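Working notes, structure below.
The values are calculated or read from the model by the stated rules, or taken from the named source; none is laboratory data. Note that the coordinates shown come from a computational prediction; the quantities given were computed from them, not determined experimentally. Heads up, the Cβs are rebuilt from the backbone with ideal geometry, glycines too, and the neighbour counts pull from every protein chain shown.
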Protein chains: 4
Amino acid sequence: MTKGRLEAFSDGVIAVAITLLVLNIMVPPPRAPGTLAHKLLAQWPSYAAYGTSFVTIGIIWTNHHVMISRLRQPDRAILLLNLALLLWIGVLPFATNVLATYLKQGQGEHLAAAVYSGSFLLMALTFATLNHHILFTKTHLLVTPIAEQRRRQILAFSVAGVAPYAAATALAVVSPYVTLAICAGIAVFYATPLGSGGSEPSS
Amino acid sequence: MTKGRLEAFSDGVIAVAITLLVLNIMVPPPRAPGTLAHKLLAQWPSYAAYGTSFVTIGIIWTNHHVMISRLRQPDRAILLLNLALLLWIGVLPFATNVLATYLKQGQGEHLAAAVYSGSFLLMALTFATLNHHILFTKTHLLVTPIAEQRRRQILAFSVAGVAPYAAATALAVVSPYVTLAICAGIAVFYATPLGSGGSEPSS
Amino acid sequence: MTKGRLEAFSDGVIAVAITLLVLNIMVPPPRAPGTLAHKLLAQWPSYAAYGTSFVTIGIIWTNHHVMISRLRQPDRAILLLNLALLLWIGVLPFATNVLATYLKQGQGEHLAAAVYSGSFLLMALTFATLNHHILFTKTHLLVTPIAEQRRRQILAFSVAGVAPYAAATALAVVSPYVTLAICAGIAVFYATPLGSGGSEPSS
Amino acid sequence: MTKGRLEAFSDGVIAVAITLLVLNIMVPPPRAPGTLAHKLLAQWPSYAAYGTSFVTIGIIWTNHHVMISRLRQPDRAILLLNLALLLWIGVLPFATNVLATYLKQGQGEHLAAAVYSGSFLLMALTFATLNHHILFTKTHLLVTPIAEQRRRQILAFSVAGVAPYAAATALAVVSPYVTLAICAGIAVFYATPLGSGGSEPSS
């Protein structure tokens, strides 16, 4: 198994998942009451969830690329952890849809928000696990040796992404809007130079 | 982050988005009144919107390739602007569906047309911004230096694409058919040699 | 524009279109009358249309690869003809769905069959046009010069694929089953060594 | 036809098929009775079928890569067998949906389970056939010669995957849950080092 084909397959799954997100934005039925403007505005949760998920998946793709670029060649354990990561990414169109559908229902919105950020949490946990496996267990598969301090730094950065998702999931009990806002905030943070700690792709 | 993987991911998202457009063309329900011929003809807005969006995305793909080919290596800002561009391309199946659904409804059709051309407008604006960033801010990342006059010419060509989409969006107030016609005209124009100004891929 | 990225984008669109075909096979609603076995058997037109379209797109992909492999580099006209080819391939999930939905309706089934084979006809016509353009107009873009006789032979083979689709479309007036059978027959024929005339990929 | 493009196309189809699986997990309609928690839990068959199909397709992708990596160049027969393999993989989102929809219906669930594992069975049979064709009929197309004993060993491993799917399909008469459990077990088995017999991608 060459690294190239692992990247190609991962790119494919991530590209399809990010593009399928749009299927969650429904065209308002013409027969429903109200003007189109009203109906389009009323489904703003769909747009917020779409944007947040799109940027999050885009950043995961970037970080995935940086993580794999350190690897000379994958082994079976890496393939399986990568498959688990793709499985959680593949779930995101569903989780996004759950949030968009229930955010304003006045029923189930807390659980829907927990499903949403919980999916990101599982994705972030799997990402950190895979990163740990590459950096600390399979060091002989690295392209070039990396000093232990630097490896700890990179891993700490990966693990740091887990905490806010855990917080967002816990806070779904309080307010689903807070959960969505934290998830959006994480996406914005990782998009800034500040949030590129262990993974600056180039200078 | 190598250029190759940026291209592969962008190609993937664009290929999925362009192919998802077909999901907007509904098979007429057999139980609805009228012959199949009548029902298929009645949904001509779906075909017009499909064709226009398909050709537009195809041309954006071509121009995206030419733009990225000038780049030696992407940096984080370029990755993020590219992600924003992909986000707007990803929205197009939804925007296409809105227009196709409402064009003949006699209700909401003006707004639907504005959503349609407005999505192209945002895509064109992001494209021009990304092109400006590559050509004028990150000149050290270019494969080969480009004379400033030539860079201005290329950018002017990118920016020129923005105006007709702005006009099409504004004219949605007058007639959604005019908006669709302008969008289709832009696609046809850019498909001709005349419309290949700054971006002739080869001779 | 390098040949590699043209191939990658075409592969992406074709891979998505071929995989979207499955969305046309509906899961029978549990509440509809009859056993699941009966309901699954009743929708055999979906399976026949799925198989025929899948194999046809797979063969077009093979032949597309052989056609492009002769090319050193695409130019704008080739890009646009290729985009037109992808547009017709992108329509196939819709055309397949029309046939599967109407074949047994006792209403509209003739037109549905004509839409189905007509889409293949347009695809085959565009393929032959693109092949003609590459082989006779843009000979300077070929990887290696090809003797005129051989080029005529290759083109004849491409054009030969058009006639049976025209026949299948015309015969939709007589029977949609005949149309489907011809389309399936063409797919089988091109899958055999006999049907690989101008385009044997290797020995 | 180069090996590279065969891999790229196969990767594309498999990546799209694995990601389309998520479309089978429905967002529970807000108006249906019961809490969201109850409704989400009630559709656990969707999650079980999603996870099982996702891991199975992921493993088939890995094994497909190993199989093709032994090949110097594909010929027409290999292309066609590969297309047949992709056809069965393309069917899996439908088969997964059938099982998820009917597992708890108290009607049609036995047949639904047989459709599910039967699709895996056809996929495994086609995989073994393709592997046999590469290893025993087209030995001149191998990258490096492989000792006959080793080839038998690899093929035996491929064929061994067929039996449990046949058993799972037969046992659908007894219980659809047993069928699902066997399919999930096969996925888990092949994911372990134990199940990587003939196809360890690296050490």
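Residue check: is A:A77 surrounded by fewer than 18 Cβ atoms within 10 Å (Cβ to Cβ), closer than 25 Å to A:L180 by Cβ, modelled with pLDDT under 95 and more than 10 Å from chain B (Cβ to nearest Cβ)? Spelling it out, it is not the case that A:A77 is surrounded by fewer than 18 Cβ atoms within 10 Å (Cβ to Cβ), closer than 25 Å to A:L180 by Cβ, modelled with pLDDT under 95 and more than 10 Å from chain B (Cβ to nearest Cβ). With the requirement that a residue be of a type in the set (S, T, N, Q) and within 14 Å of the chain's Cα centre (by Cα), what does the range D:20-57 give you? Answer for the range D:20-57, where residues must be of a type in the set (S, T, N, Q) and within 14 Å of the chain's Cα centre (by Cα): D:T52, D:S53, D:T56.
Quick check on my filter: what residues within the range A:23-49 are out of contact with any Ser or Thr (no Cβ under 9 Å at 6 or more places or on another chain) and not in a loop (DSSP other than H, G, I, E, B)?
Our first condition is that a residue be out of contact with any Ser or Thr (no Cβ under 9 Å at 6 or more places or on another chain); within the range A:23-49, this holds for A:23, A:31-44, A:47-48.
Once the filter is applied, which keeps residues that are out of contact with any Ser or Thr (no Cβ under 9 Å at 6 or more places or on another chain) and not in a loop (DSSP other than H, G, I, E, B), the range A:23-49 yields A:L23, A:L36, A:A37, A:H38, A:K39, A:L40, A:L41, A:A42, A:W44, A:Y47, A:A48.
The residue that is surrounded by the most Cβ atoms within 10 Å (Cβ to Cβ), among those in the range C:151-179 that are among the β-branched types (V, I, T) and within 17 Å of the chain's Cα centre (by Cα), is C:T179.
I'd like to verify a number: residues in the range B:26-37 that are in contact with a Pro (Cβ under 9 Å, 6 or more places away or on another chain) and modelled with pLDDT of 95 or more, how many?
Within the range B:26-37, the first condition is being in contact with a Pro (Cβ under 9 Å, 6 or more places away or on another chain), and the residues that meet it are B:34, B:36.
So of that shortlist, the ones also modelled with pLDDT of 95 or more come out as B:36.
Going through the range B:26-37 one residue at a time, the tally reaches 1.
I'd like the full set of residues that are small (G, A, S), under 25 Å from B:L86 (Cα atoms) and in contact with a Leu (Cβ under 8 Å, 6 or more places away or on another chain), limited to the range B:13-60. Correct list: B:A17, B:A48, B:A49, B:G51, B:S53, B:G58.
In the range A:191-203, the condition of being in a helix (DSSP H, G or I), more than 14 Å from chain D (Cβ to nearest Cβ) and modelled with pLDDT of 95 or more is met by no residue. For the range A:37-67, the set of residues classified as facing chain B (nearest Cβ under 9 Å), over 23 Å from A:V98 (Cα atoms) and buried (at least 20 other Cβ atoms within 10 Å of the Cβ) consists of A:T62, A:H65, listed by residue number. Given the structure, is C:N97 more than 14 Å from every other protein chain (Cβ to nearest Cβ), surrounded by 15 or more Cβ atoms within 10 Å (Cβ to Cβ) and out of contact with any His (no Cβ under 9 Å at 6 or more places or on another chain)? It is false that C:N97 is more than 14 Å from every other protein chain (Cβ to nearest Cβ), surrounded by 15 or more Cβ atoms within 10 Å (Cβ to Cβ) and out of contact with any His (no Cβ under 9 Å at 6 or more places or on another chain). Considered as a group, the residues in the range D:24-36 that are hydrophobic (A, V, I, L, M, F, W, C) and surrounded by fewer than 16 Cβ atoms within 10 Å (Cβ to Cβ) include one that is nearest to the other protein chains (Cβ to nearest Cβ), and that residue is D:M26. Give me the residue from the range B:68-87 that is touching a strand residue (DSSP E or B) at 6+ places or on another chain (Cβ under 8 Å) and not hydrophobic (A, V, I, L, M, F, W, C) and, out of that set, nearest to B:R151 (Cα to Cα). Residue satisfying both the conditions and the ranking: B:R70. Would you be able to say whether some residue in the range D:108-120 is modelled with pLDDT under 95, under 24 Å from D:G51 (Cα atoms), away from chain C (no Cβ under 14 Å) and crowded, with 21+ Cβ neighbours inside 10 Å? No, every residue in the range D:108-120 fails to be modelled with pLDDT under 95, under 24 Å from D:G51 (Cα atoms), away from chain C (no Cβ under 14 Å) and crowded, with 21+ Cβ neighbours inside 10 Å.
Of the residues B:I18, B:I78, only one is among the hydrophobic types (A, V, I, L, M, F, W, C) and under 21 Å from B:A187 (Cβ atoms); which?
On the way: B:I78 fails: under 21 Å from B:A187 (Cβ atoms).
Of the residues listed, the single one that is among the hydrophobic types (A, V, I, L, M, F, W, C) and under 21 Å from B:A187 (Cβ atoms) is B:I18.
From the list B:G51, B:G4, B:G58, B:G12, which residue is free of Cβ contacts under 8 Å to residues at least 12 places away in the same chain and touching a helix residue (DSSP H, G or I) at 6+ places or on another chain (Cβ under 8 Å)? Give the derivation first.
Working: B:G51 fails: free of Cβ contacts under 8 Å to residues at least 12 places away in the same chain; B:G4 fails: touching a helix residue (DSSP H, G or I) at 6+ places or on another chain (Cβ under 8 Å); B:G58 fails: free of Cβ contacts under 8 Å to residues at least 12 places away in the same chain.
It is B:G12.
I'd like the full set of residues that are buried (at least 17 other Cβ atoms within 10 Å of the Cβ) and either in a loop (DSSP other than H, G, I, E, B) or not β-branched (V, I, T) (or both), limited to the range B:4-22. Within the range B:4-22, B:R5, B:L6, B:E7, B:A8, B:F9, B:S10, B:D11, B:G12, B:A15, B:A17, B:L20, B:L21 meet the criteria.
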